[in-house]
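One structure is given below, encoded as structure tokens.
Any read-out appearing in this document is the output of simple, stated calculations on the displayed coordinates, not a laboratory observation. Just so we're clear, the structure is a prediction, and the values are computed from it rather than from any experiment. Don't worry about glycine lacking a Cβ; one is built from the backbone with ideal geometry, like all the others, and counts go over all protein chains shown.
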Ligand SMILES: [Mg+2]
């Protein structure tokens, strides 16, 4: 296991080192780590609150990820949930359960990755907790701000709305397959892009705000695959959906990966998960302006993949035939 072995730090000493890693004035933070609770300024908007727990062996595998990447990702996945509400990231806390085989140096690297992500997304890490335990568990809570009443929910989709998705899908799952395989293609440019998608996902913060401004009626982030996450959005909105297979923005690198490993690019794009792209629904007339705005501001694609319907959950093949779309995601670590 990476970074194993204890080197005699007490937990208080480790906390002191972590505080140094986190040191630095942050906007809005009146009292940072070290007191019983942090005190922060809050604006006039609504607060969006989220939490995400990563467990070794369930959500990550220390044989494949570095401490720094894991720290980065643990923050980015929370930021993605805030982005999906159209909120701006503000503050976060981190609680760690550390198994005995985790070395302090590894924990410092983990915090280094968290700080990197916090810098990128303008999030202030204001506190947390640390405990010894039987598993390595990283639990992050984050708060974001959104203009009063403007959070974009999963429940607002209406029949006739178009279904749009940012960026491309399947790269993160492809990166996991590539990392697991130990294939030499990991060193190619496309291989590195897939690994980056898995271990350093980007949260679509500006894109979420932009889609909200463009009139998104419902929105969520794609953490468990388009098929499963869209089924959740439809359940909250009491609607169905029709997805056009030919329109799904499959990550280009997956076609290269299919030459090296036995994978199905479409399957990874539909059910692979962990892409942290945004899935939104929007009035048909608003799709093109939303797409142009996203392209202009962020250089990020917005793809129209189908339509919200009254009921049913259908995948339309390129030849016009249809099949029920199975709302299944990929449970990465417990399915094999
Ligand atoms: Mg989410």
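Brief remarks follow.
- Largest-first principal axis extents, alpha carbons of region 159-294, Å: 45, 27, 22
- Cβ crowding within 10 Å ranks 242, 148 as 148, 242, fewest other Cβ atoms first.
- Potential lengthening of the chain between residue 326 and residue 148 amounts to 60.5 nm, from the contour at 0.36 nm per residue minus the alpha-carbon distance.
- Taking the chain and dividing mean pair separation by its residue count, relative contact order in percent (alpha carbons under 8 Å, at least six apart): 21
- Relative to the longest principal axis of the Cα atoms of the chain, helix 67-83 runs at roughly 50 degrees.
- With respect to the chain, whose longest principal axis is taken over its alpha-carbon atoms, helix 287-298 is tilted by about 30°.
- Cα gyration tensor shape of region 75-228, rounded if a/c is under 1.5, else prolate or oblate by comparing a/b with b/c: oblate
- Degrees separating the helix 11-22 axis from the principal Cα axis of the chain, which is the longest one: 60
- Calculated P(r) tail over 19 Å for region 36-149, as whole % of Cα pairs: 44
- Prolate/oblate/rounded label for region 106-149 (Cα gyration tensor, a/c 1.5): oblate
- Among 199, 313, 298, the largest mean-square fluctuation in a Gaussian network model of the chain, built with springs joining Cα atoms closer than 10 Å, belongs to 298.
- 10 °C / 1.306 mPa s Stokes-Einstein diffusion coefficient of the chain, Kirkwood radius on C-alpha pairs, µm²/s: 76
- Region 131-213: C-alpha gyration tensor shape, a/c 1.5 cut-off, then a/b vs b/c: oblate
- Overall Cα dimensions of region 257-334 - principal axes, largest extent first, Å: 38, 32, 27
- Going from the residue with the fewest nearby Cβ atoms within 10 Å to the one with the most, 20, 158 rank 20, 158.
- Radius, Kirkwood style, for region 10-85 when every pair of distinct Cα atoms is counted (Å): 15.2
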